[in-house]
1. If the chain between LYS409 and LEU428 were fully stretched, how many nm would it gain, using 0.36 nm times the residue separation less the Cα-Cα distance?
2. Around ARG380, under 12 Å between beta carbons, what's the net of Lys plus Arg minus Asp minus Glu among the other residues?
3. Using mean Cβ contacts within 10 Å as the protection proxy, how do 269-278, 425-434 order, highest first?
4. Please list 28-35, 89-96, 170-177 highest first by mean number of surrounding beta-carbon atoms within 10 Å per residue.
5. Say each of ASN118 and SER262 gets a label point 7 Å from the Cα, pointing the same way as Cα to Cβ; how far apart are those two points in nm?
6. Can you pick out the pairs among LYS140/LYS218; LYS140/LYS276; LYS276/LYS409; LYS54/LYS85; LYS97/LYS301 whose Cα atoms lie more than 30 Å from each other?
7. Can you sort GLU260, GLU282, GLU405 by how many other beta carbons sit within 10 Å, fewest first?
8. I need the peptides 150-160, 306-316 ranked by packing, meaning the mean over residues of other C-beta atoms within 10 angstrom, with the highest value on top.
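Read-outs: derived from the displayed coordinates by stated rules, not from any lab. Keep in mind that this is a model prediction, so the values were computed, not measured. Cβ placement follows ideal geometry from the backbone for every residue including glycine, while neighbour counts extend to all protein chains displayed.
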Amino acid sequence: MIKNFSLFLALRYLRPKRTFVSVITLISVLGVALGVAVLIVVISVMAGFQDEIKQVAMGYDSHIEAADRIGTGMLSEHERPPDVKEKSWREVLKAIKQNPSVTSVSPLVRGMILIETNGYITPSLMWGMRSDDTNRIASKHEKLLVDGSFDLSEDNLILDNQLARAYGVQVGDKVTVYAPSNLQELVHTMRAIEEKPEAEKQEAYKKLKNLVLPLDLKVSGIFTPPTLQDSSKFTVTIMPLHVAQELGGMGEGVTSLGIEVSDPYEAGEIKQQLIKSGALPESWGSSTWMEQHKSLFDAVKNETEMMYFVLFIIVIVAAFCVMNTMITVTVQKRREIGIISALGSRISQIIWIFLSQGMIVGALGAISGIGAGLLVVYYRNTIRQGIATISGREIFDSSIYGIIEIPAKVVWQDVSIICSGAFILCTLAALVPAFIAARTEPAVALRD
């Protein structure tokens with residue numbers, strides 16, 4: 001038996017004898033539960049989506065990518081001017097490896113190429129890299145293979161699955177690769193031929209032939225790069241470093257260094273360590289995977305915060321429902337309140353009757369909302385498939401978001417904030433009817 005006078009009456013008003021559960025009370029609890037459940041589901045999905053994007057980004061891009069802003073540090077040794085004091089990329093590579101947090105450093109060549117296959121020519125991004133065991137960047141790309149092997153020996157290349165499907169290319173086929181970087185030199189050579197005497201034209205034509213000569217490379221594997229919203233829309237072709245250098249006319253030069261670290265989330269701190277220690281010279285620029293996708297991460301974060309703000313209005317509306325319920329009970333129980341006041345009940349006891357009602361409704365709604373929200377999060381993809389089957393429309397299209405299933409990550413800190421907020425709002429909503437009831441004059445209430 002409940003000995004607390006205020007709590008006893010609060011439960012009595014919430015559960016009248018005529019009905020097991022008051023309809024008004026049930027609606028109030030469901031309103032709070034709905035608001036809490038929707039918030040938990042949306043915030044969990046947004047947190048999972050943000051976490052999934054980060055996992056995709058760090059599992060594909062270099063944790064840190066560095067390059068010489070001036071450009072002389074990236075040239076091959078025989079192309080560097082003799083009076084250049086900047087460190088070469090090989091010296092910088094060795095210095096970076098000395099940091100204990102760095103797991104691998106790989107020379108990279110990036111650029112554009114033209115690929116000819118089955119009579120079609122299409123542009124593609126060129127990524128030149130080594131495939132040795134110490135190169136963690138190559139290992140990450142190897143995990144994205146859908147066919148073939150990650151073989152970058154000899155004259156092989158790894159083709160983007162999108163390009164392979166579009167032009168019917170399979171593992172073992174040969175494709176012809178052109179270097180657009182040769183076009184500028186080609187134009188200069190053609191102009192120079194016109195100005196040369198007839199005896200020197202043959203030598204110039206031979207050079208011209210070497211410039212336009214394409215490379216025939218074998219497709220050893222096909223991979224599927226992630227399609228982040230801020231990523232380039234061009235397909236990606238991976239090839240051996242020496243082939244990319246040849247296509248780019250770089251000799252032994254590279255365009256950047258790809259640095260992998262032990263903890264990707266500490267890439268920013270490790271980058272600062274490399275700069276302070278002098279491993280990364282002042283003339284070099286560098287960016288982490290988080291900085292490369294900062295606009296995308298910020299957009300998702302802002303969307304999450306706006307969702308949090310907008311959907312919390314549902315909980316506020318539920319709190320107003322609780323207030324209406326309490327006001328209705330106050331009007332209905334006006335005579336009873338007058339009687340207990342006349343019998344000597346203190347004002348604080350009357351206030352606690354209605355505050356207890358608000359707290360009980362808030363607690364029941366929060367608990368029910370947690371259960372319903374976590375249940376929806378757990379079966380989110382089953383529910384998605386059901387809705388898609390019934391409506392005939394694809395929900396959360398993987399071709400748009402680049403993710404097969406709806407991600408979710410339950411952050412218990414957010415859950416506790418949502419539930420605490422709902423409970424506090426329901427308690428505050430009960431204050432107004434509580435003060436109205438406390439100010440009721442016994443004589444007036446009994447006379448009415």
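1. 3.8 nm
2. On the way: positive: ARG384, LYS409; negative: GLU405.
Neighbourhood net charge equals +1.
3. Working: 269-278: 15.3, 425-434: 22.5.
Most protected by this proxy first, the peptides run 425-434, 269-278.
4. Values: 28-35: 24.8, 89-96: 18.1, 170-177: 15.1.
Highest to lowest by the protection proxy: 28-35, 89-96, 170-177.
5. Label-label distance for ASN118 and SER262, simple model: 4.8 nm.
6. Working: LYS140/LYS218 21 Å; LYS140/LYS276 28 Å; LYS276/LYS409 36 Å; LYS54/LYS85 38 Å; LYS97/LYS301 34 Å.
Pairs exceeding 30 Å: LYS276/LYS409; LYS54/LYS85; LYS97/LYS301.
7. On the way: GLU260 21, GLU282 9, GLU405 13.
Ranked by crowding around the Cβ, least crowded first: GLU282, GLU405, GLU260.
8. Numbers: 150-160: 19.9, 306-316: 15.1.
Answer by packing, highest mean first, reads 150-160, 306-316.
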